[in-house]
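J.: Pasting a structure here, questions to come.
The values are calculated or read from the model by the stated rules, or taken from the named source; none is laboratory data. From a predicted model like this one, the values you see are computed outputs, not experimental measurements. Glycine also receives a Cβ, built like all others from the backbone with ideal geometry; neighbour counts cover every protein chain displayed. Note: areas computed on protein heavy atoms with side chains; ligands, DNA, RNA excluded. Shrake-Rupley method; radii C 1.70, N 1.55, O 1.52, S 1.80 Å.
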Amino acid sequence: MRVLILSVSAGGGHSHAAEAIKSYIKIYDKNSQVKIIDTLKYINPIIDKVVIGGYLKTIKITPSLFGKLYNYSENDFALSSLSAKINEMLAYKLLPLIKKFKPEILITTHPFTTEMLSILKRKYKVDLPGMSIITDYTPHSFWLHQNIDAYIVANSDMIDEMVLKGIPKKNIHPLGIPVNPKFMNKHNKKYTLEQLNLKENVTTLLIMGGSLGIGKISDVYKELIKVNKNIQIIAITGNNKKLYYELLNLQKTSNKKTSIIGYTNEVNKYMQACDLLLTKPGGLTITEALICNIPLALFSPIPGQEEKNAEFLLKHNLAIKLKNIKDCRETIEKLLSSPNTLKTMRDNCSKFSKPYCGNNIYNLINSL
C-alpha cells in the first residue's frame with residue numbers, strides 16, 4: 001500500500017493524527033510505503049512561516065481575533081472563494097510529488113490540505129481515492145468540500161450538519177480521531193505517581209495546554225493550590241519553556257505537592273494516573289482523555305473550533321467549564337466533593353471513547 005498524507009504543522013493535533021494513521025498502516029502492512037508531508041512547508045517554506053507563524057501568533061496574543069475570523073468565515077463566500085484560489089495555486093505544486101510517489105490513496109488532516117485534495121481531484125483530474133480526517137468535534141465549512149470520498153469524524157453528532165452543508169451521508173464515517181497506537185498501552189497508576197514523588201491515594205489533577213502549552217495555566221495553578229481539599233498536581237507545559245519556569249517558581253510557595261513536566265511523549269501515562277484533567281479543549285487532547293476515561297475541566301478554549309469542542313463536551317456531560325479562572329477554585333472544590341458526578345462523567349467518557357478508531361480507519365483505507 002502506498003499512502004500520501006498531507007498535513008500541516010499548525011499546533012500538534014494535525015501532525016499527530018497523521019503520524020497515528022501512519023503507525024496503524026505500518027502495524028497491519030509492514031511493507032507499506034507511507035509518506036507524511038508538512039504540506040505548506042513542502043510547497044514553500046516562506047508561505048508556511050507567514051501562514052502558520054501568523055496563526056500561532058494570533059491564537060497566543062489575540063485569540064479573539066482568530067475567533068471572529070473563524071465565525072465570519074463559516075458562511076462568507078468571498079473569503080471561501082479567496083481560500084479556494086490560493087489553495088488551487090498551492091495544490092498545483094503537489095502534482096510532481098504525486099506523480100513521483102505514485103500513492104494509491106491521499107489522506108488529509110488539515111482544512112487547507114482537504115481543500116487542496118478536492119481541487120486536485122476536480123481540476124487536476126487526480127484519479128485517486130481521497131480521505132479527510134477532521135481533528136475537531138464539530139465541522140467548520142473550511143473542512144467541507146466536494147470530491148472527498150471519505151470524511152472521518154469524531155462523533156455522530158457531526159453527520160447531520162455536514163449533510164446540510166452538502167456532504168453525502170455515505171461519505172461520513174464517525175470512527176473517531178486517531179491517536180498513536182502506543183496511547184492504548186496501560187500503565188500502573190501507583191508506579192507512575194511514585195516516579196513523580198506523588199501518592200496513589202491522593203486525588204490527582206493534571207493540567208496541560210496541548211503541545212504548545214498555551215492557555216491560562218499559571219492562573220489556574222494559582223487557584224488550584226488554594227483548593228480546600230487534599231490534592232496533588234501534575235502540570236505538563238509542552239514546548240512552553242516560559243510556562244515551565246513560571247510554574248517552578250510558583251511551586252516553591254505551593255502547599256500542594258506538584259510535579260512539573262515539560263514536553264513529553266507519555267501523556268497517556270499521566271492521564272491514566274489522574275482523576276481530573278484541566279485543559280483547553282483541543283481535538284486530540286479530548287480524544288486522548290476520552291480513551292483514558294478522564295473527566296475534563298475546560299479553560300482557555302481558542303475562540304472558534306475549541307469553543308465548539310467545549311460545547312460538545314458540555315452537552316454530553318463529559319466536562320465542566322471553568323468560566324472564570326478567579327472562581328475556578330470553588331468550581332473544582334464542588335466537583336471533587338461530588339464523587340457521583342465524577343463517576344457519571346467518567347462513565348460518559350467511556351461511552352464516547354473510540355479506542356478502535358485506528359483499526360477501523362485502516363479497514364476503510366483498504367476498502368477505498
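J.: So, in the stretch 272-285, of the ones that are more than 23 Å from Arg329 (Cβ to Cβ) and modelled with pLDDT under 95, which residue ends up surrounded by the most Cβ atoms within 10 Å (Cβ to Cβ)? Talk me through it step by step, then tell me what you get.
T.: Step one: of the stretch 272-285, the residues more than 23 Å from Arg329 (Cβ to Cβ) are 272, 282-284.
Next cut, modelled with pLDDT under 95 only: 282-284.
Values: Gly282: 27, Gly283: 23, Leu284: 25.
Here the residue is Gly282.
J.: Could you tell me whether any residue of the stretch 94-110 is polar (S, T, N, Q), buried (at least 19 other Cβ atoms within 10 Å of the Cβ), at pLDDT 90 or above and not in a helix (DSSP H, G or I)? Lay out the reasoning, then the answer.
T.: Step one: of the stretch 94-110, the residues polar (S, T, N, Q) are 108-109.
Restricting the remaining residues to those that are buried (at least 19 other Cβ atoms within 10 Å of the Cβ) gives 108-109.
From what's left, at pLDDT 90 or above: 108-109.
Cutting the leftovers down to not in a helix (DSSP H, G or I) gives us 108-109.
There is at least one residue in the stretch 94-110 that is polar (S, T, N, Q), buried (at least 19 other Cβ atoms within 10 Å of the Cβ), at pLDDT 90 or above and not in a helix (DSSP H, G or I).
J.: Restricting attention to the stretch 38-68, which residues are under 22 Å from Ile134 (Cα atoms), at pLDDT 80 or above and open to solvent by 70 Å² or more (accessible area, probe 1.4 Å)?
T.: Lys41, Tyr42, listed by residue number.
J.: Looking at the stretch 207-239, which of its residues are part of a loop (DSSP other than H, G, I, E, B) and at pLDDT 90 or above? Walk me through how you get there before you give the answer.
T.: Step one: list which residues in the stretch 207-239 are part of a loop (DSSP other than H, G, I, E, B), which gives 209-216, 225-230, 237-239.
Correct list: Ile225, Lys226, Val227, Asn228, Lys229, Asn230, Thr237.
J.: Looking at the structure I just gave you, is Asn293 open to solvent by less than 60 Å² (accessible area, probe 1.4 Å), of a type outside the set (A, V, I, L, M) and in contact with a Cys (Cβ under 7 Å, 6 or more places away or on another chain)?
T.: Values: open to solvent by less than 60 Å² (accessible area, probe 1.4 Å): yes; of a type outside the set (A, V, I, L, M): yes; in contact with a Cys (Cβ under 7 Å, 6 or more places away or on another chain): yes.
So Asn293 passes the test.
J.: Tell me yes or no: at least one residue of the stretch 226-233 is in contact (Cβ under 8 Å) with a residue 12 or more places away in the chain, touching a Cys at 6+ places or on another chain (Cβ under 7 Å) and buried (at least 18 other Cβ atoms within 10 Å of the Cβ). Talk me through it step by step, then tell me what you get.
T.: Kept after step one, since they are in contact (Cβ under 8 Å) with a residue 12 or more places away in the chain, are these residues of the stretch 226-233: 226-233.
Then drop every residue that is not touching a Cys at 6+ places or on another chain (Cβ under 7 Å), which leaves none.
The answer is no, given that none of the residues of the stretch 226-233 is in contact (Cβ under 8 Å) with a residue 12 or more places away in the chain, touching a Cys at 6+ places or on another chain (Cβ under 7 Å) and buried (at least 18 other Cβ atoms within 10 Å of the Cβ).
J.: For the stretch 112-140: of the residues being open to solvent by 30 Å² or more (accessible area, probe 1.4 Å) and assigned to a helix (DSSP H, G or I), which is nearest to Val3 (Cα to Cα)?
T.: Selected residue: Lys121.
J.: So which of Lys323, Lys315, Lys269 ends up being in contact with a His (Cβ under 6 Å, 6 or more places away or on another chain), open to solvent by 10 Å² or more (accessible area, probe 1.4 Å) and among the basic types (Lys, Arg)? I'd like the intermediate steps shown before the answer.
T.: Details: Lys323 fails: in contact with a His (Cβ under 6 Å, 6 or more places away or on another chain); Lys315 fails: in contact with a His (Cβ under 6 Å, 6 or more places away or on another chain).
Just a single option satisfies the conditions, and that option is Lys269.
J.: Test each condition in (1) more than 23 Å from Ile225 (Cα to Cα); (2) free of Cβ contacts under 8 Å to residues at least 40 places away in the same chain; (3) touching a helix residue (DSSP H, G or I) at 6+ places or on another chain (Cβ under 8 Å) for Leu314 and report the one that comes out false.
T.: (3)
J.: Here's a follow-up. Would you pick out the residues in the stretch 345-367 that are in a helix (DSSP H, G or I), over 20 Å from Leu206 (Cβ atoms) and either touching a Phe, Trp or Tyr at 6+ places or on another chain (Cβ under 8 Å) or open to solvent by 60 Å² or more (accessible area, probe 1.4 Å) (or both)? It would help to see each step written out before you state the result.
T.: Taking the stretch 345-367 first, the residues in a helix (DSSP H, G or I) are 345-352, 357-367.
Retained after the next criterion (residues that are over 20 Å from Leu206 (Cβ atoms)): 351, 357-367.
Passing the criteria: Lys351, Gly358, Asn359, Asn360, Ile361, Tyr362, Asn363, Asn366, Ser367.
J.: Looking at the structure I just gave you, is Lys26 more than 21 Å from Glu104 (Cβ to Cβ) and free of Cβ contacts under 8 Å to residues at least 60 places away in the same chain? Spell out the reasoning first.
T.: Details: more than 21 Å from Glu104 (Cβ to Cβ): no; free of Cβ contacts under 8 Å to residues at least 60 places away in the same chain: yes.
No: the conditions fail for Lys26.
J.: Continuing with the same structure: Looking at this structure, is Leu247 open to solvent by less than 10 Å² (accessible area, probe 1.4 Å), under 30 Å from Ser141 (Cα atoms) and in contact (Cβ under 8 Å) with a residue 24 or more places away in the chain?
T.: Numbers: open to solvent by less than 10 Å² (accessible area, probe 1.4 Å): yes; under 30 Å from Ser141 (Cα atoms): no; in contact (Cβ under 8 Å) with a residue 24 or more places away in the chain: yes.
No, not satisfied.
J.: Here's something else I'd like to know. If you scan the stretch 172-203, which residues turn out to be surrounded by 21 or more Cβ atoms within 10 Å (Cβ to Cβ) and out of contact with any helix residue (DSSP H, G or I) (no Cβ under 7 Å at 6 or more places or on another chain)?
T.: Listed by number, the list holds a single entry, Leu193.
J.: Still on this structure: Is it the case that Ser338 is open to solvent by less than 60 Å² (accessible area, probe 1.4 Å) and polar (S, T, N, Q)?
T.: Numbers: open to solvent by less than 60 Å² (accessible area, probe 1.4 Å): yes; polar (S, T, N, Q): yes.
Yes: the conditions hold for Ser338.
J.: A further question follows. State which residue is surrounded by the most Cβ atoms within 10 Å (Cβ to Cβ) when the search covers only the stretch 1-37 and only residues that are hydroxyl-bearing (Ser, Thr, Tyr) and outside any loop (DSSP other than H, G, I, E, B).
T.: Of the residues in the stretch 1-37, the ones hydroxyl-bearing (Ser, Thr, Tyr) are 7, 9, 15, 23-24, 28, 32.
Adding the requirement that they be outside any loop (DSSP other than H, G, I, E, B) leaves 7, 15, 23-24, 28.
Numbers: Ser7: 27, Ser15: 21, Ser23: 17, Tyr24: 22, Tyr28: 14.
Among residues in the stretch 1-37 that are hydroxyl-bearing (Ser, Thr, Tyr) and outside any loop (DSSP other than H, G, I, E, B), the one surrounded by the most Cβ atoms within 10 Å (Cβ to Cβ) is Ser7.
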